[in-house]
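Below is one structure, written out as structure tokens, with a few remarks after it.
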Amino acid sequence: MATSEVTVAARPWARSDAVLATAITMIAVQLVWKFGLVQRTYFRQDDFTFIARGLEHGLTWDYLMRVDYGHLVPGPFAIQWMMGRLGVYNDMLAHTITISLLGAAGLALLRLLWVLFGARPAILVPLGFYLLTPLTISSLSWWAVVIETLPFQIALPMALSSHILYNRTARFRHAVAAAAWVVLAMLFFVKAPFIPVLAFVLTLGWFPRAARKPVWLLYLAVIAVYAVIFFRQLFTSVQLTNDTVRPGLPDPAIAAGFAWNLLTDSLVPAALGGPWQWRPIGDDYAIAATPPVMAWVSLAVVAAVVTVSVLYRRRAWLAWAALLAYFVLADVVPVMIGRIEELGPDLGGSELRYVSPTATVLAIVLGLAFIPLRGEERPWRRPAAPRLRYAWVPLGVAFAAGSVWSVTAYARLPLGEHVKSYVETGRLALKRAGANAVILDTHVPAKVVYPIFFYDYARVSKVLGPIAPYPVTWARQLTGPVRNPLVFDPQGRLRPVDIVGVTIPQSAGCVPVAGREVVFRLPATLPEGEWTAQVGYLNPTPTSLAVRLGGGQAVVPAGKDFGWTFAPVKGGGAELTIRTVDGRPACIGQIKVGVPRPAKSGTPSPLQPVTR
């Protein structure tokens, strides 16, 4: 039998291989670097609300397509629905998803740069910018923002890549792929309709001969369907305030101030490695606190960079104009219409999460402003002077150093440490409380969920109820003879309830009452408000007590023998009156009138907060 040997020569290591290997290494290093921050994050604020809503609803059209304060985000709602059924507050799963999406976003941008400019080392510069920029850092510490913005940062470059391939090949399947990526982005982020606009700018400036009507008709159809669904849901979705959205324009001065601050305090400094300093919002989040001097220096540097690119690179002006238009239309206008009146121009203008997805657009614009496209004819207006060829190196070093400084400064925050401690302490407390415990349904601390923003979703029944291992009775107010009621303290521990206010001590024996009111004078006058009266009794038979404070009265049952009953009353004054409703005799002991609070003298469960 004859045998033959075929020797296949190994393909020589090409420059494209080196560029690809370097790019993938850069993405991997970035993931390792940022994982150190991501693994210290936890769920915060509206994360708890979204997970609670997911647990309350099925995976229905109404649930998925509800517009939440201007955001149509069925993709994130589906993920929150899933999270509620995969451990509720499963931060390890959230971290895994975050890092996976972050890696995919880096690879998607690499693909676009490769398609646009080819396998040249220059593409590592805009890629490195995206991987290093602090623009995206604060968003990585907020789960709800992660699952909105990172899928968008994946879909945007993938859609543009397919669009460019369509321009170059005229194969309609690439146009369909681009439209599919746009649809995917629309499922996750409200800025997705601007992807076709960026595609139009790319075509207009760099592929003018490839303008083909079918692709624009396809994109228009996608945007039209999205617009119909979005605006229908926008005006019919009920918000947490139990009303529908009424979009309106803010005061022009507020709008202008917000736009200027977002540009000068957030976008421009972060594009150069800033903001260098942070202003904490609680323990687990921070907004930009760019020093004023650095804000002006950043503007000057950016102006110089733009000027140089426009002088030497053809159509660089179009790239920067597209970035500015995107900033105004996609970053400024939605916030301006939605919630800038609540936030104010200073606070809102320092929110990097409003411009975090712009990091992808900015990386693309940097490439278009300085790197010739693959096969582009006459890309330069004039030859670059030798001294300018490497002028970007010191700026790149300064950017890298500033980015590391800014990210390191952000990572000094406690991040999710304190909120996770509260939740895990509450989990253990509920486990030890046992079945059928009566727990006062108070609001959680503002560091966990702000009650002024999230209303009932800031109550412990919504935040900690989903992780209770046994059935629990949640009481909005104490009424009647509740036995051993408990309440969560600010650390997430359960303590006995104590009525903090004024006390009428029990005199020798108890005070008999019957069908006529008996007056009990309070040690201090209580102002008008909502109060809880805790009344001790020793009764021969069960009865009902009418407890009155000023103009407010509550009727509550009181059992036989010794016990306590609670009466919620609205009123005020210096006297509390009690009578029995049915005229049966009762005997009243100690009375407390005030507000329910965790008993300082009671033994907490667990003894110490969970800190692991």
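The values are calculated or read from the model by the stated rules, or taken from the named source; none is laboratory data. Predicted model, so just to flag it, every value in this text is computed and none were measured. As a convention, Cβ positions derive from the backbone with ideal geometry for all residues, glycine included, and neighbour counts pool all protein chains shown. These area figures cover heavy atoms from the full protein model, side chains too; ligands, DNA and RNA do not enter into them. Shrake-Rupley method; radii C 1.70, N 1.55, O 1.52, S 1.80 Å.
Below, the figures for the structure above:
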item: Number of the exception - Ser356 against (1) out of contact with any Ser or Thr (no Cβ under 7 Å at 6 or more places or on another chain); (2) assigned to a loop (DSSP other than H, G, I, E, B); result: (1)
item: Where Ala524 falls short, out of the listed (1) under 51 Å from the mean Cα position of the chain (by Cα); (2) within 16 Å of Ala567 (Cβ to Cβ); result: (2)
item: When residues of segment 466-497 are limited to those that are more than 27 Å from Pro540 (Cβ to Cβ) and among the charged types (D, E, K, R), the one most open to solvent (accessible area, probe 1.4 Å); result: Arg476
item: Tally, over segment 241-281, of residues that are open to solvent by 30 Å² or more (accessible area, probe 1.4 Å), on the phi > 0 side of the Ramachandran plot and modelled with pLDDT of 85 or more; result: 1
item: Total residues in segment 314-339, condition in a helix (DSSP H, G or I) and within 21 Å of the chain's Cα centre (by Cα); result: 10
item: Among (1) over 30 Å from Ile371 (Cα atoms); (2) touching a residue at least 60 places away in the same chain (Cβ under 8 Å); (3) assigned to a helix (DSSP H, G or I); (4) out of contact with any helix residue (DSSP H, G or I) (no Cβ under 6 Å at 6 or more places or on another chain) - the single one Arg279 does not satisfy; result: (3)
item: Strands (runs of 3 or more DSSP E) completely within segment 498-568 that count 3 or more residues being of a type in the set (Gly, Ala, Ser), open to solvent by less than 50 Å² (accessible area, probe 1.4 Å) and modelled with pLDDT of 90 or more; result: 518-539, 552-558
item: Which numbered condition Leu93 misses (of (1) more than 23 Å from Val197 (Cβ to Cβ); (2) in contact with a Phe, Trp or Tyr (Cβ under 8 Å, 6 or more places away or on another chain)); result: (2)
item: Counted residues, segment 167-185 - those being open to solvent by 10 Å² or more (accessible area, probe 1.4 Å) and hydrophobic (A, V, I, L, M, F, W, C); result: 8
item: Tally, over segment 46-74, of residues that are open to solvent by less than 30 Å² (accessible area, probe 1.4 Å), assigned to a helix (DSSP H, G or I) and of a type in the set (A, V, I, L, M, F, W, C); result: 4
item: Hits in segment 187-220 - residues which are open to solvent by 70 Å² or more (accessible area, probe 1.4 Å) and in contact (Cβ under 8 Å) with a residue 60 or more places away in the chain; result: Leu187, Val197, Leu204
item: Residue in segment 344-382 that is farthest from Phe194 (Cα to Cα), counting only those that are among the hydrophobic types (A, V, I, L, M, F, W, C) and open to solvent by 50 Å² or more (accessible area, probe 1.4 Å); result: Trp380
item: Residue match in segment 248-255 (condition: closer than 24 Å to Leu37 by Cα and either touching a Pro at 6+ places or on another chain (Cβ under 8 Å) or not aromatic (Phe, Trp, Tyr) (or both)); result: no
item: Selection from segment 580-612 of residues that are surrounded by 19 or more Cβ atoms within 10 Å (Cβ to Cβ) and in a strand (DSSP E or B); result: Thr580, Ala586, Ile588, Ile591, Lys592, Val593, Pro596, Pro598
item: Filter result (open to solvent by 10 Å² or more (accessible area, probe 1.4 Å) and basic (Lys, Arg)) within segment 26-43; result: Arg40
item: Matching option when the condition is open to solvent by less than 30 Å² (accessible area, probe 1.4 Å), in contact with a Pro (Cβ under 6 Å, 6 or more places away or on another chain) and either modelled with pLDDT of 95 or more or not hydroxyl-bearing (Ser, Thr, Tyr) (or both), among Ile147, Ile164; result: Ile147
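Yes/no per residue for (1) of a type in the set (Asp, Glu); (2) more than 30 Å from Gly84 (Cα to Cα); (3) at pLDDT 90 or above; (4) touching a helix residue (DSSP H, G or I) at 6+ places or on another chain (Cβ under 6 Å):
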{"site": "Val6", "(1), (2), (3), (4)": "no, yes, no, no"}
{"site": "Pro12", "(1), (2), (3), (4)": "no, yes, no, no"}
{"site": "Leu20", "(1), (2), (3), (4)": "no, yes, yes, no"}
{"site": "Ala23", "(1), (2), (3), (4)": "no, yes, yes, yes"}
{"site": "Leu31", "(1), (2), (3), (4)": "no, no, yes, yes"}
{"site": "Lys34", "(1), (2), (3), (4)": "no, no, yes, no"}
{"site": "Tyr42", "(1), (2), (3), (4)": "no, no, yes, yes"}
